[in-house]
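Peer 1: Starting off with a structure, shown below.
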Amino acid sequence: MYSELTLIFIILLLFGFILEKLLELLNISYFKKPLNSEFAHYFSAENQQANLLYKQSKARFGLIQSTLGFIFTFLIWKFAGLGFLTQLITSFTSSEILQTLLFFGVIALGSSLVSIPFSLYFHFVLEEKFGFNKMTIKVFIADLFKSGLLALVLGGGIMALIVWVYLAFPTSFWWIVWILITVVMVFMSAFYAQIILSVFNKLTELEDGALKDAIETMAQKLGFELNRIYVIDGSKRSTKANAFFTGFGRQKRIVLYDTLINDLETNEILAVLAHEIGHYKHRHTIKGMILGILQTGILLYFLSLFINPESLLTLELNRVVAQDDSLTQPAFFLGLLGFGILFSPISTIIELVTNAISRKFEYQADAFATKNGLADSMISGLVKLSEKSLSNLNPHPLYVFFNYSHPPLLARWTAMKQGENII
Ligand SMILES: [Zn+2]
């Protein structure tokens, strides 16, 4: 079984990698495809030229980074790097909780160290060249430490809890962890702005003035109880702009990037906000969370089948991950990693479904803005954002199908135009 399972691993790893590359190549083949002529009107020739150059630079960078990353990971696994790490860790401590934390800690640390040069190049060369980067080296380093610390505390804490449940309740593991993770997810979703965002950014309440008055008037008209509007200092890192809705219940809040306020006219900001309120009216946050909870349940149930210490399959899977067929004692962390790879085709399908649902939510939110007479402002706002961020105006439909959580601008524009005509 060892060699068959190793072969399955190789096939799955290669399949995932090749699929990703094929989609990227298809997308590249669309780079020079002319835009729909009515739609192309919004973008100047210079902007379209810059857009093409940016797409090409990013695609080249992405191809190199992901190919090197794949080869590196593959070689480490095939030459029993994980087996070596397992030996090292199990000889160091017999606590399974500590072993798991060390195992994933070393992998996470290793992969983030390897990715630092790529990340530096991306922000300080590529994004810099197109005028997007606003990050200083100091912010870059601070971000690295903060995200590492957050991963250590949050990721490490959740992981320790999972292993503890696995050891204490081996047979009912999956549903107990499901309940615990659900509680964490609901909590994090409600307090995302306070817990995660505030670590990396400064959030301030939108100051009194014409914009705030206009927003309040609109929220009232749309029947949206506005708790607080926050402004986030996105300009600390990039010139790109955004807005989003976070939290639920009394914690719900709208967050605007300072760059959005600078770049858009009031009516465009109102349209973007109406879109966000549309998400709220359609209960997208709650629906998204329920989907996430269901997904976690499925994942944990299947995981429980691959980490049963009594089963031969678990032991074989452990041996394949470690690339050591003399391994006698299965370890939770090896089973978890092995499961991640065996489950990857199903993960891809789940992601496809999630992305399709998310794109549907975006159309619904746009339709809400359109219904409230804001289609033109929404379109001009989105066009401006797209122009500034040089977003891909012509992605390949299959690439969108697999990777996009938001519909491309052209599709949104078409839908809003149609929506406007119906009304
Ligand atoms: Zn949206």
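Peer 1: With (1) modelled with pLDDT under 90; (2) within 15 Å of the ligand (Cβ to nearest atom); (3) more than 14 Å from residue 206 (Cα to Cα) as the list, and residue 288 as the residue in question, which single condition is left unmet?
Peer 2: Going through the list (1) modelled with pLDDT under 90; (2) within 15 Å of the ligand (Cβ to nearest atom); (3) more than 14 Å from residue 206 (Cα to Cα), residue 288 breaks only (1).
Peer 1: A further question follows. Of 312, 317, 334, 393, which residue is surrounded by fewer than 21 Cβ atoms within 10 Å (Cβ to Cβ) and away from the ligand (no atom under 16 Å from the Cβ)? It would help to see each step written out before you state the result.
Peer 2: Working: 317 fails: surrounded by fewer than 21 Cβ atoms within 10 Å (Cβ to Cβ); 334 fails: surrounded by fewer than 21 Cβ atoms within 10 Å (Cβ to Cβ); 393 fails: surrounded by fewer than 21 Cβ atoms within 10 Å (Cβ to Cβ).
Matching residue, one of 312, 317, 334, 393: 312.
Peer 1: If residue 351 satisfies every condition in (1) within 16 Å of the ligand (Cβ to nearest atom); (2) farther than 21 Å from residue 273 by Cβ; (3) surrounded by fewer than 17 Cβ atoms within 10 Å (Cβ to Cβ) but one, which is the exception?
Peer 2: Condition not satisfied by residue 351: (1).
Peer 1: Testing residue 262 on (1) buried (at least 19 other Cβ atoms within 10 Å of the Cβ); (2) more than 22 Å from the chain's Cα centre (by Cα), one condition comes back false. Which one is that?
Peer 2: Result: residue 262 fails condition (1) only.
Peer 1: Assess whether residue 370 counts as being of a type in the set (S, T, N, Q), in a helix (DSSP H, G or I) and surrounded by 21 or more Cβ atoms within 10 Å (Cβ to Cβ). Explain how you work it out, then say what you get.
Peer 2: On the way: of a type in the set (S, T, N, Q): yes; in a helix (DSSP H, G or I): yes; surrounded by 21 or more Cβ atoms within 10 Å (Cβ to Cβ): yes.
Judged against the criteria, residue 370 is a match.
Peer 1: Among the numbered criteria (1) under 21 Å from residue 336 (Cβ atoms); (2) free of Cβ contacts under 8 Å to residues at least 24 places away in the same chain; (3) touching a Phe, Trp or Tyr at 6+ places or on another chain (Cβ under 7 Å), which single criterion is violated by residue 91?
Peer 2: Here residue 91 clears every test but (3).
Peer 1: Another question, then. For region 363-390, which positions are away from the ligand (no atom under 15 Å from the Cβ) and β-branched (Val, Ile, Thr)?
Peer 2: Hit for region 363-390 is 383, nothing else.
Peer 1: Determine, yes or no, whether residue 164 is within 22 Å of the chain's Cα centre (by Cα) and at pLDDT 95 or above. Explain how you work it out, then say what you get.
Peer 2: Numbers: within 22 Å of the chain's Cα centre (by Cα): no; at pLDDT 95 or above: yes.
Spelling it out, it is not the case that residue 164 is within 22 Å of the chain's Cα centre (by Cα) and at pLDDT 95 or above.
Peer 1: Here are some residues: 115, 94. Which one is of a type in the set (Gly, Ala, Ser) and assigned to a helix (DSSP H, G or I)? Break it down stepwise before answering.
Peer 2: Working: 94 fails: assigned to a helix (DSSP H, G or I).
Unique residue meeting the criteria: 115.
Peer 1: Also, I was wondering about something else. How many of the residues in region 261-285 are away from the ligand (no atom under 13 Å from the Cβ) and touching a helix residue (DSSP H, G or I) at 6+ places or on another chain (Cβ under 9 Å)? Give the steps one after another, and end with the answer.
Peer 2: Filtering region 261-285 down to residues away from the ligand (no atom under 13 Å from the Cβ) leaves 261-270, 283.
If we keep only those that are touching a helix residue (DSSP H, G or I) at 6+ places or on another chain (Cβ under 9 Å) too, we end up with 261-270.
Total meeting the criteria: 10.
Peer 1: Within region 272-309, work out how many residues are more than 20 Å from the chain's Cα centre (by Cα), crowded, with 16+ Cβ neighbours inside 10 Å and within 30 Å of residue 382 (Cα to Cα).
Peer 2: Qualifying residue count for the region: 8.
Peer 1: Please determine whether any residue of region 363-377 is free of Cβ contacts under 8 Å to residues at least 60 places away in the same chain and under 25 Å from residue 23 (Cα atoms).
Peer 2: yes
Peer 1: Just to verify a result, which residue in region 238-256, among those that are within 14 Å of residue 194 (Cα to Cα) and of a type in the set (Phe, Trp, Tyr), is nearest to the ligand (Cβ to nearest atom)?
Peer 2: At the first step, the residues of region 238-256 found to be within 14 Å of residue 194 (Cα to Cα) are 245-248, 250-255.
So of that shortlist, the ones also of a type in the set (Phe, Trp, Tyr) come out as 245, 248.
Values: 245: 8, 248: 15 Å.
The selected residue is 245.
Peer 1: Suppose we filter 304, 380, 326, 358 for residues that are out of contact with any Leu (no Cβ under 8 Å at 6 or more places or on another chain) and at pLDDT 95 or above; which single one remains? Can you show your working first?
Peer 2: Numbers: 304 fails: at pLDDT 95 or above; 380 fails: at pLDDT 95 or above; 326 fails: at pLDDT 95 or above.
Answer to the check: 358.
The values are calculated or read from the model by the stated rules, or taken from the named source; none is laboratory data. None of the values given here were measured: they were computed from a predicted structure. Note: ideal-geometry Cβ built from the backbone for every residue, glycine included; neighbour counts use all protein chains shown.
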